[in-house]
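> The structure that follows is given in the form of structure tokens.
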Amino acid sequence: MNIEKLKQCEPMTQVVFIHDYIQLVFQDCRINVYNTAQITTSDGVIVLQNNPGFADQTVNLLEQKITSAYISESRELSLCFTNGTKFKTLNSPEHCHGPEAFEASGSPLTEWVVEQNA
């Protein structure tokens, strides 16, 4: 899987909070997050989606580049940004809301990446 190519994306240009998912936009690349997400700030503060401050912390990622992108052994997507913030999808049963956990597409990815909830 070529998810690590996400670090070649342009800085994040848009975040869209849609009824039941979040879309992160990096010019030609898009990441749709269907599972619950969490943000860990550079000073170690953890904010779970739908809790106060989550939207603000996500919007703070605008104009930031991805410095690291990987899928953990527990099948969680982790995106680390230039400001030290980490955006992560969660994969425990209470955080899965459908058949897909997330999907990523567009340049520089050479394939459409879809992670299934197990």
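> Quick check, is SER74 closer than 25 Å to ALA118 by Cβ and among the polar types (S, T, N, Q)?
yes
> Just one of (1) without any contact (Cβ under 8 Å) to a residue 60 or more places away in the chain; (2) in a strand (DSSP E or B) trips up GLU94, so point out which.
Checking GLU94 against (1) without any contact (Cβ under 8 Å) to a residue 60 or more places away in the chain; (2) in a strand (DSSP E or B), the one that fails is (2).
> Taking the options LEU62, LEU109, name whichever one is more than 10 Å from the chain's Cα centre (by Cα), outside any strand (DSSP E or B) and in contact (Cβ under 8 Å) with a residue 60 or more places away in the chain.
One residue alone meets the criteria, LEU109.
> Might you let me know whether region 49-60 holds any residue that is crowded, with 17+ Cβ neighbours inside 10 Å and either among the small types (Gly, Ala, Ser) or touching a helix residue (DSSP H, G or I) at 6+ places or on another chain (Cβ under 8 Å) (or both)?
No, region 49-60 contains no residue that is crowded, with 17+ Cβ neighbours inside 10 Å and either among the small types (Gly, Ala, Ser) or touching a helix residue (DSSP H, G or I) at 6+ places or on another chain (Cβ under 8 Å) (or both).
> In region 7-28, what residues are of a type in the set (A, V, I, L, M, F, W, C), at pLDDT 95 or above and exposed (fewer than 14 other Cβ atoms within 10 Å of the Cβ)?
Once the filter is applied, which keeps residues that are of a type in the set (A, V, I, L, M, F, W, C), at pLDDT 95 or above and exposed (fewer than 14 other Cβ atoms within 10 Å of the Cβ), region 7-28 yields VAL16, PHE17.
The values are calculated or read from the model by the stated rules, or taken from the named source; none is laboratory data. This is a predicted model, so every value here is computed, not measured. Methodologically, a virtual Cβ is constructed for each residue, glycine included, from the backbone with ideal geometry; neighbour enumeration extends over all protein chains shown.
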